[in-house]
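Just so it is clear, none of the values below were taken in a lab; they were calculated from the coordinates. The model shown is predicted, which means the values in this text are computed figures rather than measured ones. We place every Cβ from the backbone using ideal geometry, glycine too, and count neighbours over all the protein chains shown.
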Amino acid sequence: MNHQGEWIPPNAPLDEGYWEALLRDGENGKAVPPAARVNLWDEQILSEPETQEEAADGQDRWRQARELMEQRDVLELPVVGCNRGGVLVEWKDLQGFVPASHLSSLSSSVDEDERRADLQRFVGTRLHLKIIEMDLENKKLILSERATHIDEDQRNELLNRLCPGDICQGRVTNLCSFGAFVDLGGFEGLVHISELSWGRVEHPSDVLTPDKSVEVYVLNVDRRRERVGLSIKRLQPDPWQSVQDLYQAGQIVEGVVTHIVKFGAFVEVEEGLEGLIHVSELTEENSSHPNDVVHKGDRVTVQILNVDSERRRIGLRLEQIKKRGSKLPNF
């Protein structure tokens, strides 16, 4: 299941929105102060050329950029600003973006204030970078500092060798709102937040730390776009496979409220197994919202009403609120 409760099959492709999420939400999903915020793709800077000569110059610059990317040439570029996801650079009159996960000289701290201050220190400096992605239609130029430190032969060999189903040892290089980047020994793959644990994960920092050594399962390999999707949870037993052997209708169990929605409350009865207390099963009294009865973090006693392993659902009824504000179990 992903963090929205949707089941993702083992052969699911890597979330193609992760670059968009990176540019939109940044590394931690929270904005830096207004003084450091810069419009990533400023409409005035990236407006359409007004003359044929300007149009020809623009096309020539993008052609040069593509050649530099294909040849993996190293550029030394000035940092002109930063935003919540990384730093902004200039090449000729084109704007470029370096995601924080591709800044090798960025500290590995996950503290928001420290990360924000570190990004601001880059402004006014110059970085050695490689272009790793470009989108002429949307006028996006993505660069990486980490790529300049990688042995290209080793990197290409690793990418060509990786196959779905492989199990690899890696090191966590960066955490962001939508997942974790893991260095596999010269090439970074992404563990999407939905692939970190069978249980609910609010943020990757809840279960991982930078520089942590982890074992990962290779979900998919896109050699053309040089992207590798990884999973940590696929190396652990899927709790839904044995749920009907452990839980039956009528059974009384304890759990922790993990999430509240207008139609009920989700309760984790064990790591990776969440059931739903429908609003009608919370109380015999009329209630306008589940928050009137339970809160996130409550430890509760519930009765199992039904178990559906195929649809990955457990129906629950609230029996008793054991304790307010119980800490959620660690994954």
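With 0.36 nm allotted per residue and the present C-alpha distance subtracted, the Thr301-Arg224 stretch has 22.6 nm of extension available. Spin-label model, Arg126 to Lys139: label points 7 Å out along the Cα-to-beta-carbon direction sit 2.6 nm apart.
Near the amide H of Thr173, within less than 5 Å, lie the amide hydrogens of Phe181, Val182, Asp183, Asp211, all on another chain or at least 5 residues away, with H placed in the peptide plane.
The simple spin-label model puts a point 7 Å past each Cα toward its Cβ; for Glu215 and Glu157 those points are separated by 2.5 nm. Relative contact order of the range 152-235: 33 percent, from C-alpha pairs under 8 Å at least 6 residues apart in sequence. As a calculated quantity, the FRET efficiency between Asp292 and Asp206 at R0 = 35 Å, using C-beta atoms, amounts to about 0.80.
Extension gain, Glu90 to Glu70: 0.36 nm times the residue separation minus the Cα-Cα distance gives 5.3 nm.
A Cβ-based charge dipole, computed about the Cα centre of the range 203-247 with Lys and Arg at +1 and Asp and Glu at -1, lands at about 320 debye.
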